[in-house]
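The values are calculated or read from the model by the stated rules, or taken from the named source; none is laboratory data. The structure presented is a predicted model; accordingly, all values stated were derived computationally and were not measured. Counting neighbours? That spans all protein chains shown, and the Cβs are built from the backbone with ideal geometry, glycine included. Protein only, heavy atoms only, side chains kept; ligands, DNA and RNA dropped before computing areas. Shrake-Rupley method; radii C 1.70, N 1.55, O 1.52, S 1.80 Å.
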Amino acid sequence: MKFVPQLVLAAASVALALVTVDAKSVSAAIINYAFTVDSPVNRGNGFFSFDDSTFSNEANPVAAIKSLSFQFDDDTIYTEQDDTKYPDFPLVFPATSSTGQTYFGLDYLFNDKSNPSSSISYEIIGEDFTAFSRTSPDGEPISGRVSYTQVPDSTPLIGALFAFSLGWMMKKKVKV
């Protein structure tokens, strides 16, 4: 009989954790991605997020970026407001990588901020990165690759941690 309260508590904790996970999967969510740019002359890392319920109903659906932060190795930070067509861009779209995996890619065009007199622009479209001159159409563009990694949502982890903590506190209370 001593195990009945502990068994009920364990079942309630697991149920609470599962409800937290199920509720999150049913509703719209903010999706977070990290990305890396690698080209012969530029390397950098960034992060963006978007609301997956805002995708357009077009043949090629797109969604607006909620937040974006990108930094080349030279410490210059770019945000969504640096896109040359802000506030209509940058956008995110579903895509399939060359290896067959699905991901969400960026459509982001921004000018060089580290040297304001420069005519260099950068463009990220999906897995492709390009650096080019806006004033010299004969200039050779520099190409690179972009890779994406989804950043896990912490909500299920927080729910499980809460359920575990509640169970631990109840266990201590039962022993007293």
Next on the checklist: Can you work out the Karplus-derived ³J(HN,Hα) for every residue in the range 42-54? Use 6.51 cos²θ - 1.76 cosθ + 1.60 with θ = phi - 60°, whole Hz, and x for glycine or proline.
Outcome noted: 10, 9, x, 10, x, 8, 9, 9, 7, 8, 6, 8, 9
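So for the range 21-130, what percent of the C-alpha to C-alpha distances run longer than 23 Å? Walk me through the numbers before you get to the answer.
Details: 1790 of 5995 pairs.
In whole percent, the share of Cα-Cα pairs in the range 21-130 beyond 23 Å is 30.
Mind putting a number on the dipole of the range 115-157 about its Cα centre? Charges go on the C-beta only, +1 for Lys and Arg and -1 for Asp and Glu, and I need it in Debye to the nearest 20.
Working: 2 positive and 6 negative charges, 24 e Å.
Dipole about the Cα centre, nearest 20: 120 debye.
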Item to check | Surface accessible to a 1.4 Å probe, Ser143 within the full protein complex, Å² | outcome: 80 Å²
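Using the Cβ atoms and a cut-off under 9 Å, what net charge is assigned to the surroundings of Gly44, where Lys and Arg are +1 and Asp and Glu are -1? Let's see the in-between values first.
Details: positive: Arg43; negative: Asp38, Asp73, Asp74.
Spelling it out: positives minus negatives among the neighbours equals -2.
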Checklist entry - So, by mean Cβ neighbours within 10 angstrom, what's the order for 129-140, 97-108 with the highest one leading? => result 97-108, 129-140
Item to check | Estimated vicinal HN-Hα couplings, Hz - the range 138-151 in sequence order (Karplus 6.51, -1.76, 1.60; Gly, Pro = x) | outcome: 8, x, 7, x, 9, 9, x, 10, 10, 10, 10, 9, 6, 8
Checklist entry - Quick one: what Rg and Dmax do you get for the range 81-123 from the alpha carbons, in Å? => result 13.4, 41
Next on the checklist: Just to compare against my own numbers: the Cα pair-distance distribution for the range 99-150, 5 Å bins, whole % per bin, please.
Outcome noted: 5, 19, 24, 22, 14, 8, 6, 2, 0
